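S.K.: Mind having a look at this structure? Questions to follow.
The values are calculated or read from the model by the stated rules, or taken from the named source; none is laboratory data. Note that the structure is predicted; figures quoted are calculated from it, not measured. Positions of Cβ are generated from backbone atoms using ideal geometry, with glycine treated the same way; all protein chains shown enter the neighbour counts. To get the accessible areas, we keep the full protein, side chains included, count just its heavy atoms, and leave off ligands, DNA and RNA. Shrake-Rupley method; radii C 1.70, N 1.55, O 1.52, S 1.80 Å.
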Amino acid sequence: MSIIKHQVPESGWKGFRRHWRNDFIAAFSVSLVALPLSLGIAVASGVPPMAGIISAVVGGLVVTFFRGGHVAINGPGAGLIAVIIAATMSLDDGSGRAIHYMLAAVVTAGFIQLLLGFFRLGKLANAFPSTVIHGMLAAIGIIIFSKQIHVALGTTSDASTSIGVLKDVLIEIPNINPVIALLSIASLFLLIFHGRINYRLFQFLPAPIWVLFIAIPFAYAFNFLEPHQFGFLGNSYELGPDLLVKIPNNPLDALLFPDFSKINTETFWLAVFSITLIASLETLAIAKAIDKLDPYKRASDANKDLIGNGLGSMISGLLGGLPIIPLIARSSVNIQNNAKTSWSNFYSAIFILLFVLILGPLIQKVPLAALAAILVYTGYKLAAPRVFRQAYEQGLEQLLFLSATVIITLFTDLVWGIFGGIALTLFVHLLLSRLPIDTFFRFIFRPGNQLIKESAQTYRLEIQGIANFLSIIKINALLAKIPEDSNCIIDLSKAHLVDLTIQENLEDFKRRRTKPDSTIDIIGLDQHMASTKHPLALKSLIQSTPVRLTPREQRFQSLAKTNGWDYQVEGNQETSYLQYFQFFETRPIERKSNVISGTYTDQNIPWVISDITFDEGALMATEVYKTTVQIIHLPAVIPLFILEKEHFLDKLFDRVMEMSGQRDIDFQLFTKFSKKFLLKGENEAAIRSFFTPALIEFLEQEDIYHIESNGDALLLFKYLRPAKAEELQKMLDFAQKLLGIIQSTI
């Protein structure tokens, strides 16, 4: 195979010297996200805004040197808002010291988290069902949404439960502050449509900073007018100091210190347990999600992550800050802006510190409603209909696990929600396995799994019994024994039940270990039944029944039959080859379907068209897309390049991105082509030689496709949506003409 892979960036001081430009530019973009989010998370948690800044700074300046991740950004997370609020309320004894007691719980929880990492217990986090973790995050999203929607509308609620707080939104409609609501709605529109505006300059500045760009001038204009009031519908509304961010002129005045006087109480240790559990689960779940986005496929060290974030939480709590975890949204921005090493996390903390020191008076003009809008959107994304739809697509039982976790959490708390979800998951697994209770648990804890060395380069892992989340630690121990460069066959034919968590874990193993010269095959699920077509759906050992084709699938099948092509609805689920294209390096692929394959007979070149469902970001930062791509395997090696549509305003952005090596290759003699397309790649001389006048003139006249070369093949697609049946023929015709020109030059 002739594919050229990226060289993994050096770490430590070598990485600092070589990649500082990439990390510096990425860190600047990250800090623009982190500043408003850190302020908003602190306010939503019921602590002073500077507590969020302290956490973000400690997360960069301290955690960077102790954690196990490479491109993660560390700081305060929205997922801990609910547990911090609950801890503060439970520790409130009326003395006014509740926040100080909570800080003591944060410090203690950080110390326990550090010990978990030191004793290498990070693997225990794998023993939680992934759907229950998503249910926990969805419940947190609903809690955040319910609290912050009132701030965004200028209303209040005294309800004791999240459901009650949500009901109060309808009750409080007559009391909405229209000025605050107008600002919040405008902010939400920016957040929603930011990702759909395809200008690189607009995309470089994250959505939260655009919110501040409209919110701060709004606050200045509002308070500039006399008498600082607007009349609206017969009422008066004032944007007073209580509705703006409060930070001290001297940042040192923001320091708060923990009070450990409650350490001998049960309430204190319940708060510590809750913070430790949620922070540890989020730390490890988010670290795994970030690894999927890393284009260099580096794996985080779970135990080092616990140590680094635990130590950071201790220091943050001692200074008056919040617990520290990896942050998926900020890490996604970091990766998308071409960060190479962990130094970007360090730089982002410096930028945040400089912003606060230099722009303090400006930050004091940020309306709380703008921060609330950011958190409302964050909460919505955590619990969006997409989360429940995705669970349903994975199986009706997964939707049940997710929904039960959410409901239990909303009516009790996060800890009860997690363990309630686990109990229900085990009960349903027991029913689906059709085994006696004692046999079921014996098959979990003593399944008889075997790792067999079949040859010098091939291993077979036979997984038996019940392969669910409780057996994942033992399975991972066997997987760790397989040499890095070996072929591996994972046989699930003797497993009575294979759950979603196990299958996700095996797919992660494939992603981390698959190399061009080695293979990992997962076999033995042909005799298992699944409730949906999703490739990772829970499977039990009963012959599955055929699934009826949709109208679109029937049209594809008919088109393939007419033209003599091969068609499979699900096809081969192997998608590792797509990761050799830069587009999919940072976009985890969920599934491949509707696979049509054939050959351009004139050129004797094979092609494959398939629907690809992929994620942009992960967890709460996830946007799910589906596109139809064509892969064309070439008979000779060509340069690596990416060709895509370019807007006029993007030209203004090119000079900034040239600092990090993302140069647009223009052709002086073909200005129409250079205006129409963004062309980039590492070997500019080879790319210029490859793009002959004939190829350039052809592309100038054709519809714009995303065209990418990995040296061995071409990737083409046009829309971030599934192609219609009639669009397939246009794609095939375009590619055939393109190949005719390419073959004349190679």
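S.K.: Among the candidates Ser493, Ser518, Ser544, which residue alone is modelled with pLDDT of 90 or more and surrounded by fewer than 17 Cβ atoms within 10 Å (Cβ to Cβ)?
M.R.: One residue alone meets the criteria, Ser493.
S.K.: Assigned to a helix (DSSP H, G or I), in contact with a Ser or Thr (Cβ under 8 Å, 6 or more places away or on another chain) and buried (at least 18 other Cβ atoms within 10 Å of the Cβ), is that true of Ile418?
M.R.: Here the answer is yes, as Ile418 does meet what is asked.
S.K.: Oh, and also: Is it fair to say Arg688 is surrounded by fewer than 20 Cβ atoms within 10 Å (Cβ to Cβ), among the basic types (Lys, Arg), out of contact with any His (no Cβ under 6 Å at 6 or more places or on another chain) and assigned to a loop (DSSP other than H, G, I, E, B)?
M.R.: no
S.K.: On to the next question. For Ser455, work out the one condition from (1) crowded, with 22+ Cβ neighbours inside 10 Å; (2) more than 29 Å from Ala423 (Cβ to Cβ) it doesn't fulfil.
M.R.: All conditions are met except number (1).
S.K.: Continuing with the same structure: How many of the residues in region 108-154 are in a loop (DSSP other than H, G, I, E, B) and open to solvent by 20 Å² or more (accessible area, probe 1.4 Å)?
M.R.: Here the count works out to 5.
S.K.: Would you say Leu559 is of a type outside the set (D, E, K, R), part of a loop (DSSP other than H, G, I, E, B) and open to solvent by 30 Å² or more (accessible area, probe 1.4 Å)?
M.R.: Here the answer is no, as Leu559 does not meet what is asked.
S.K.: Let me ask something additional. Those residues that are modelled with pLDDT under 90, in contact with a Leu (Cβ under 8 Å, 6 or more places away or on another chain), of a type outside the set (A, V, I, L, M) and surrounded by 15 or more Cβ atoms within 10 Å (Cβ to Cβ), I need them from region 638-665; list them, please.
M.R.: Within region 638-665, Glu644, Glu646, Asp650, Phe653, Asp664 meet the criteria.
S.K.: Can you name the residue in region 160-170 that is open to solvent by 40 Å² or more (accessible area, probe 1.4 Å) and closer than 21 Å to Tyr380 by Cβ and is also modelled with the lowest pLDDT among such residues?
M.R.: Thr161
S.K.: Take Val608 and decide whether it is at pLDDT 90 or above, farther than 30 Å from Met136 by Cα and either in contact with a helix residue (DSSP H, G or I) (Cβ under 7 Å, 6 or more places away or on another chain) or not hydroxyl-bearing (Ser, Thr, Tyr) (or both).
M.R.: Criteria met by Val608.
S.K.: OK, next. Considering only residues of region 234-252 that are closer than 22 Å to Ala372 by Cβ and open to solvent by 70 Å² or more (accessible area, probe 1.4 Å), which is modelled with the highest pLDDT?
M.R.: Per the stated criteria, the residue is Lys246.
S.K.: Say whether the condition of being crowded, with 24+ Cβ neighbours inside 10 Å, modelled with pLDDT of 95 or more and in a helix (DSSP H, G or I) is met by at least one residue in region 323-337.
M.R.: no
S.K.: Got a sec? Which of Tyr600, Tyr577 is of a type in the set (Phe, Trp, Tyr) and open to solvent by less than 20 Å² (accessible area, probe 1.4 Å)?
M.R.: Going through Tyr600, Tyr577 in turn, the sole match is Tyr600.
S.K.: Right, another one. Could you pull out the residue among Gly308, Gly320 that is of a type outside the set (S, T, N, Q), on the phi > 0 side of the Ramachandran plot and surrounded by 21 or more Cβ atoms within 10 Å (Cβ to Cβ)?
M.R.: Of Gly308, Gly320, the one residue that is of a type outside the set (S, T, N, Q), on the phi > 0 side of the Ramachandran plot and surrounded by 21 or more Cβ atoms within 10 Å (Cβ to Cβ) is Gly320.
S.K.: So which residues in region 171-200 are in a helix (DSSP H, G or I), free of Cβ contacts under 8 Å to residues at least 24 places away in the same chain and open to solvent by less than 80 Å² (accessible area, probe 1.4 Å), if there are any at all?
M.R.: Correct list: His194 only.
S.K.: Residue under question is Gly379, and the condition is that it be closer than 22 Å to Asn468 by Cα and either part of a helix (DSSP H, G or I) or touching a helix residue (DSSP H, G or I) at 6+ places or on another chain (Cβ under 6 Å) (or both); does it hold?
M.R.: no
S.K.: Which condition from (1) open to solvent by less than 50 Å² (accessible area, probe 1.4 Å); (2) on the phi < 0 side of the Ramachandran plot; (3) assigned to a loop (DSSP other than H, G, I, E, B) is the one that Thr409 breaks?
M.R.: (3)
Here's the yes/no breakdown for (1) more than 27 Å from Ser38 (Cα to Cα); (2) within 24 Å of the chain's Cα centre (by Cα); (3) open to solvent by 60 Å² or more (accessible area, probe 1.4 Å):
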| residue | (1), (2), (3) |
| --- | --- |
| Leu371 | no, yes, no |
| Thr378 | no, yes, no |
| Tyr392 | yes, yes, yes |
| Leu396 | yes, yes, yes |
| Ala404 | yes, yes, no |
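S.K.: Identify, please: which residue in region 262-273 is touching a residue at least 40 places away in the same chain (Cβ under 8 Å) and open to solvent by less than 70 Å² (accessible area, probe 1.4 Å) and is, among those, farthest from Val107 (Cα to Cα)?
M.R.: In this case the residue turns out to be Thr267.
S.K.: Another question, then. Just one of (1) of a type outside the set (Gly, Ala, Ser); (2) out of contact with any Ser or Thr (no Cβ under 9 Å at 6 or more places or on another chain); (3) open to solvent by 10 Å² or more (accessible area, probe 1.4 Å) trips up Leu39, so point out which.
M.R.: Only one criterion in (1) of a type outside the set (Gly, Ala, Ser); (2) out of contact with any Ser or Thr (no Cβ under 9 Å at 6 or more places or on another chain); (3) open to solvent by 10 Å² or more (accessible area, probe 1.4 Å) is unmet by Leu39, namely (3).
S.K.: Among Ile54, Ile41, Ile25, which is in contact (Cβ under 8 Å) with a residue 60 or more places away in the chain, over 23 Å from the mean Cα position of the chain (by Cα) and part of a helix (DSSP H, G or I)?
M.R.: Criteria check complete, one pass: Ile54.
S.K.: Take region 274-301 and flag every residue that is among the aliphatic types (A, V, I, L, M) and open to solvent by less than 40 Å² (accessible area, probe 1.4 Å).
M.R.: Hits for region 274-301 are Ile275, Leu277, Ile278, Ala279, Leu281, Leu284, Ala285, Ile286, Ala287, Ala289, Ile290, Leu293.
S.K.: Do you know which residues across region 691-746 are in a loop (DSSP other than H, G, I, E, B), of a type in the set (Gly, Ala, Ser) and in contact with a strand residue (DSSP E or B) (Cβ under 7 Å, 6 or more places away or on another chain)?
M.R.: If the condition is that a residue be in a loop (DSSP other than H, G, I, E, B), of a type in the set (Gly, Ala, Ser) and in contact with a strand residue (DSSP E or B) (Cβ under 7 Å, 6 or more places away or on another chain), then Ala723 is the only one that fits.
S.K.: Another question, if that's okay. Would it be correct to say that Arg120 is among the charged types (D, E, K, R), more than 30 Å from Ala467 (Cα to Cα) and touching a residue at least 60 places away in the same chain (Cβ under 8 Å)?
M.R.: no
S.K.: Tell me which residues, restricted to region 426-455, are assigned to a loop (DSSP other than H, G, I, E, B) and small (Gly, Ala, Ser).
M.R.: Selection gives Gly448, Ser455.
S.K.: Within the set of pairs 6+ apart or on separate chains, which have a first residue in region 702-730 that is more than 15 Å from Arg552 (Cα to Cα) and touching a residue at least 12 places away in the same chain (Cβ under 8 Å), a second that is among the acidic types (Asp, Glu) and open to solvent by less than 10 Å² (accessible area, probe 1.4 Å), and C-beta atoms under 6 Å apart?
M.R.: Leu715/Glu708
S.K.: Which residue is nearest to Leu319 (Cα to Cα), if the candidates are limited to region 92-107 and must be more than 32 Å from the chain's Cα centre (by Cα) and surrounded by fewer than 24 Cβ atoms within 10 Å (Cβ to Cβ)?
M.R.: His100
S.K.: Quick one: which residue in Leu549, Leu525, Leu497, Leu461 is assigned to a strand (DSSP E or B) and either over 24 Å from Asp291 (Cβ atoms) or touching a Pro at 6+ places or on another chain (Cβ under 7 Å) (or both)?
M.R.: So the residue among Leu549, Leu525, Leu497, Leu461 that is assigned to a strand (DSSP E or B) and either over 24 Å from Asp291 (Cβ atoms) or touching a Pro at 6+ places or on another chain (Cβ under 7 Å) (or both) is Leu497.
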